[in-house]
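Visitor: Pasting a structure here, questions to come.
Bear in mind these aren't lab numbers, they're just calculated from the coordinates by the rules spelled out. Remember, it's a predicted structure, so these values are computed and weren't measured experimentally. Using ideal geometry, Cβ is built from the backbone for each residue, glycine included, and neighbour counts are taken over all protein chains shown.
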Amino acid sequence: MLRDYLQLPKNRAESAKFGYAHLILPDGGKKQVGFIEASRGCKHLCRHCPVVPVYQGKFRVVPVAVVMADIAQQVRAGAEHISFGDPDFFNGSTHAMKVLAAMYAEFPRLSFDATIKIQHLIDHAELLPTLKAAGCLFVTAAVESVDDAVLRYLAKKHTCADFERALHLCREAGISMAPTFVPFTPWATLAGYLELLRTLLRLRLVEAVPPIQLCIRLLVPAGSCLLQLPDFPEMIEPFDGKLLGYPWRHADPRVDSLQQALQAAAAQGDQQGLARSAVFMRMWQLAHAALGLAPPPLTPADFGDPIAHLSEPWYCCAEPTEQQLQSF
């Protein structure tokens, strides 16, 4: 296997020394994280997804024995939590449950997280209690937007109401949801952005969303299915090899200005080690200021409880930030 040729740490002490990603628990505790793929590719055709141009709606499962050998190797290296990196863990739900059964039988103390599509969470709600029993702490779900019109442009095949239904099902099963978003698209509006923040408050999800998720700008990669939308090619500029995508500017300059201000606030919060709620409050102020509104006051009770999360924020479908480009 490829990992046999990599210099994996020999134990937890080496893992910490090398700065490997870790899981941060709600109480502040930490677990070393391993990364596994039980499948590759994705059977869905979300227009904005960078996986689609590569796999064209196909996915392939990794044999359970191969997955287990990979997990065992990482456990020996100190992994206490497994992050499944499949674009959608429930693309093959039967295979996924076989993997979890084998993992739990051999390593019952391991916890894990996985990425699962909103519609799959609803369609396979009966499996969620089993995920919880097998050690699932949270699921990442690509919600992308709370605007149904934008969701149709992205071909997400779910609505905002579906998102709320899936959230309820996860909470009912005792599993946290970590929703992800692409707030800034050519169809975004200032009012729509403020509605996203209000929705997170209403659903008590502020502590479940990294601030960087609230300032992500849509990436349009080569071969993107977005190019098939009528009039979309007119919204973009020629392909930029540095950006690895087609640049675009919003028709309302205020939207781009807000995105840049929010991104700066997220970067500053990260540098200062601020709590998610503290950065959210700054974003709340910026969003209202962009519309010339006074921001209603917020209290800690509005934010919801912290959830387990990885030390490295989750990115997908996002243009690189200025900080990331500079680091290259």
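Visitor: Just want the ordering: Arg60, Arg204, from fewest to most Cβ atoms lying within 10 Å of their own Cβ.
Guide: Values: Arg60 10, Arg204 15.
Arranged by neighbour count, lowest to highest, Arg60, Arg204 become Arg60, Arg204.
Visitor: Based on other C-beta atoms within 10 Å, arrange His288, His81 from fewest to most.
Guide: Working: His288 16, His81 22.
Neighbour counts put them in this order, fewest first: His288, His81.
Visitor: For segment 20-321, what relative contact order do you get, as a whole percent, if you take Cα pairs closer than 8 Å and at least 6 residues apart? Intermediate results must be reported in sequence, preceding the final value.
Guide: Details: 506 pairs, mean separation 58.0, N = 302.
That works out to 19 percent.
Visitor: Taking every DSSP beta bridge with both residues inside segment 20-321, roughly what % is antiparallel (nearest 5)? List each step's numbers first, then the result.
Guide: Values: 11 of 29 bridges.
Given both bridge residues lie in segment 20-321, the antiparallel proportion sits at roughly 40 percent.
Visitor: Could I ask something else about it? Using the count of nearby Cβ atoms within 10 Å as a rough guide to exposure, how do Phe112, Phe90 rank from fewest to most? Don't skip to the end; give the middle numbers.
Guide: Working: Phe112 26, Phe90 23.
Ascending number of Cβ neighbours within 10 Å: Phe90, Phe112.
Visitor: Indicate the gyration tensor shape class of segment 253-294 (rounded, prolate or oblate), computed on the Cα atoms with a ≥ b ≥ c the square roots of the eigenvalues: a/c under 1.5 is rounded; otherwise a/b larger than b/c is prolate and the rest oblate. Could the numbers behind the result be given before it?
Guide: On the way: a/c = 4.01, a/b = 1.58, b/c = 2.54.
Oblate shape, in that a/c is at least 1.5 and b/c is the bigger or equal ratio.
Visitor: If you take the C-alpha gyration tensor of segment 53-145, multiply each eigenvalue by 5 and take the square root, what semi-axes do you get, largest first, in whole Å?
Guide: Numbers: eigenvalues 95, 52, 32 Å².
Result for segment 53-145: semi-axes of 22, 16, 13 Å.
Visitor: With runs of 4+ DSSP H residues as the only contributors, calculate the mean residue ellipticity of the chain at 222 nm using -39,500 (n - 2.57) per run, divided by the residue total and rounded to the nearest 500.
Guide: Working: 12 runs with 125 residues, N = 328.
Taking each H run of at least 4 residues, the total per residue is -11500 deg cm²/dmol.
Visitor: Name the residue, out of Leu167, Leu291, Leu214, whose mean-square fluctuation peaks in a Gaussian network model built on the chain with Cα pairs under 10 Å.
Guide: The residue that fluctuates most here is Leu291.
Visitor: Additional query: Just how many pairs of Lys in the chain have C-alpha atoms closer than 21 Å, counting pairs that are eight or more places apart or on different chains?
Guide: 20
Visitor: Okay, moving on. Hey, in the GNM for the chain with a 10 angstrom Cα cutoff, which one of Ala266, Ala149, Ala134 fluctuates hardest?
Guide: Ala149
Visitor: I would also like to ask the following. Rounded, prolate or oblate: which one fits segment 116-168, using the alpha carbon gyration tensor with axes a ≥ b ≥ c (rounded when a/c is under 1.5, else prolate when a/b beats b/c, else oblate)? Intermediate results must be reported in sequence, preceding the final value.
Guide: Details: a/c = 2.78, a/b = 2.42, b/c = 1.15.
In terms of gyration-tensor shape, prolate.
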